[in-house]
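The structure under discussion appears below in the form of structure tokens.
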Amino acid sequence: MKSNYFYDEHHHLFRRPAFQGISYSDGAYEERRICEIIKCAENKSVFSQELFNSIESWASEYHLSRSRHCLIRPLKINAHERILELGCGCGAITRYLGEVGCEVVAVEGSLTRAGIAALRCEDLPNVSVYLDDISEFVFPEKFDRVFMIGVLEYSNLFSNEQNPFRHYLRVASEHLNEDGELVIAIENKLGLKYFNGCSEDHVGVPFFGVQDLYTSETARTLGRREIISELRQAGFEGVSFYYPFPDYKLPSIIIHESAFEIPEFSIPDLLLRVAGRDYGGAPYRLFNEALVYKSLYRNGVLEDFTNSFLIVAKKKRYPARDDNEIAWNFSVQRRPEFCTQTSFHLNGSRIEVQKTKLLDTERIEPLEFENGRITLDPGVADYIKGELLLWGFIKLSQSRSSFKDLARSLAPWLDLLLECSHVRGAGNDSNNGAKTRLRELYIHGDMIDCAPFNIIRNSEGIHLIDTEWRIEGDLPLGFVLTRGVLGCVLSTFTNSVSADVSAIVGALCELRNITVEHDDLIRWLEMEESFQQLVTGKDSHECDFSAGSYISLLDELHHQKNRMIDLEALLAASRRSEEPEISLCLVNHGIAQSVDLAVIEASSNLEADDDSPEDEEFVNSQTEESNVQEVKISAGLQPASFQ
């Protein structure tokens with residue numbers, strides 16, 4: 001109760017006289033920087049553009065990202081609910097709960113982090129922050145909900161009880177009113193990303209959790225069935241699961257367990273462009289997670305391999321669920337007025353898709369792109385059952401298919417674009433059978449979202465979905481095509497993909513007797529960078545996609561390919577049996593937050609030949625500069641945010 005605590009004027013929080021805080025930190029430098037960012041920000045809200053633009057490290061992203069609050073939006077928290085947050089960190093979730101209008105009591109064991117949380121919520125009189133060990137915190141009143149977000153996994157380190165996990169659950173239970181709910185977010189030790197080579201989030205070692213190597217001196221997570229068992233033994237009879245993707249830390253997609261009971265709803269389609277993130281920074285993966293998720297779903301075990309859980313538990317069993325929402329997709333890496341939630345509702349025998357803005361605000365000054373105004377058009381539509389066109393591209397990319405094969409998988413999309421396009425100023429005449437130049441074709445700006453990841457194919461044909469952006473006037477068809485191919489390439493994630501945007505655009509155009517110039521491709525990539533800057537409000541160096549870095553790779557690829565052609569011509573003129581096999585390439589190009597954009601391999605098998613090379617010195621210089629038999633181009637892995 002408050003009588004056990006005094007108010008610390010310096011840190012703006014309540015604390016016990018004898019308690020100095022626990023030893024837990026993201027690092028003194030990082031926490032000082034986060035504190036300074038929040039202190040200097042005029043707008044400390046969830047959707048603060050100041051905080052959004054200040055993110056430059058994993059620690060600042062975790063504590064400042066507006067993605068954090070998306071985790072609990074599906075819970076439909078109401079104003080005036082009494083909320084206890086145990087382990088509030090730097091206040092990312094606390095801030096949202098306060099903005100909703102809840103009466104929030106937030107408890108944090110670290111003095112520095114509790115002070116930051118208080119600073120983040122200083123303009124919210126309905127939020128009180130307490131410095132205390134969560135297992136020793138006492139309060140005279142019960143709560144409607146108790147939140148433990150990213151807390152239970154650390155119970156090993158801060159509880160001396162025989163079963164620390166269950167001890168923390170019982171502590172939370174004591175603070176709940178009879179019909180209250182415990183809300184837990186925790187990693188799954190059997191998360192798919194851990195089988196894919198990602199380091200365990202807490203200890204930083206690959207395959208640590210899946211082998212259950214936890215000790216009393218490490219954080220510890222559990223699998224789904226283990227967590228259910230612990231909850232039941234702690235007195236929680238009602239347990240309901242939500243599945244956040246890629247994880248609970250920065251979720252963009254959340255799926256309720258009831259969605260798995262609806263065969264008409266394609267959960268894998270939602271996960272097609274989601275990949276688990278290694279917070280240690282390792283870029284390489286063993287497989288494409290979307291394809292594996294699809295197999296797990298078909299075999300009824302996907303829920304056991306999600307990377308994180310959001311769990312709502314009650315002391316009593318849950319009655320039949322009366323909420324008809326089954327899944328949510330959030331787009332919040334944008335300017336606040338463009339942030340959206342797409343929710344999927346059961347409406348009788350139909351599934352309805354509703355896209356809504358998260359903020360009821362409009363820009364005072366409209367944004368313009370290519371001389372046309374940018375607007376966002378949310379709305380309601382029927383869910384279309386079928387298969388996303390992108391699946392074919394993803395499967396081919398994992399089997400190291402040729403650019404032509406990749407292009408053929410996207411041909412129905414190109415045909416749709418061509419049907420809607422026109423030659424500017426020349427009608428649709430064929431120009432006497434000559435090849436059409438892609439730069440001459442234009443399409444209405446409302447088609448900017450026409451991309452393979454927004455096209456459903458079924459027995460009735462192909463259907464365009466999720467067309468949220470509107471741009472007045474016409475856009476170059478080449479820009480829409482390049483943008484769509486870029487989105488496909490960014491969706492492949494793993495470093496086994498031979499996927500070069502320029503080559504795929506070229507192969508697509510060749511299928512339909514269209515010519516495309518390298519300089520045009522660069523211009524369209526620059527347009528995409530400009531579009532991303534406009535809708536996110538970030539500068540070029542802050543955007544997840546940077547045309548400059550990608551264009552530099554394209555230019556270097558073209559340069560290396562030309563050198564390769566020259567070298568192969570020289571080698572063909574003079575084969576020497578004692579020379580090794582050579583594979584020329586580029587190394588470690590960091591693009592779009594290390595998204596894998598290309599793995600290009602070229603090799604020449606050297607055979608015995610008596611002829612002398614025309615430029616033996618050049619050939620020898622190439623082999624001497626490379627001290628390895630084979631080097632591959634790899635741009636890393638982490639997915640960029642693509643609007």
So the pair-distance distribution of the range 64-130, from every Cα-Cα distance in 10 Å bins, comes to percents of 24, 58, 18, 0
R0 = 56 Å: FRET efficiency of residue 123 with residue 435, Cβ-based, nearest 0.05?
0.35
Cross-link candidates for residue 395: which lysines have Cα within less than 16 Å, leaving aside residues fewer than 8 places away along the same chain?
294, 404
What shape does the range 1-160 take by its C-alpha gyration tensor, where a ≥ b ≥ c are the square roots of the eigenvalues and a/c under 1.5 counts as rounded, a/b above b/c as prolate, and the rest as oblate?
rounded
Given a cut-off of 27 Å, name the pairs among 76/193; 189/315; 189/385; 44/142; 355/385 whose C-alpha atoms lie farther apart than that in the structure shown.
76/193; 189/385; 44/142
Can you pull the one-decimal nm distance between simple spin-label points at residue 78 and residue 282, each 7 Å off the Cα toward Cβ?
4.7
So if I take the centroid of the Cα atoms in the range 473-491 and the same for the range 134-197, what is the distance between those two points in Å?
45
Shape call, the range 90-174: gyration tensor on alpha carbons, a/c limit 1.5:
prolate
Most to least packed among 475-488, 13-26, 139-152 [average Cβ atoms within 10 Å]
475-488, 139-152, 13-26
√(5λ) per eigenvalue of the Cα gyration tensor, the range 11-63, largest first, Å:
24, 15, 8
Give the lysines reachable from residue 39 as a straight Cα distance under 22 Å; neighbours fewer than 8 places away on the same chain don't count.
538
What's the center-to-center distance, using Cα atoms, between the range 291-309 and the range 383-409 in Å?
21
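None of the figures in this text is laboratory data; all of them are computed from the coordinates on show. Everything quoted here is computed from the prediction, not taken from an experiment. For neighbour counting, all protein chains shown are included, and Cβ atoms are generated from backbone atoms with ideal geometry for every residue, glycine included.
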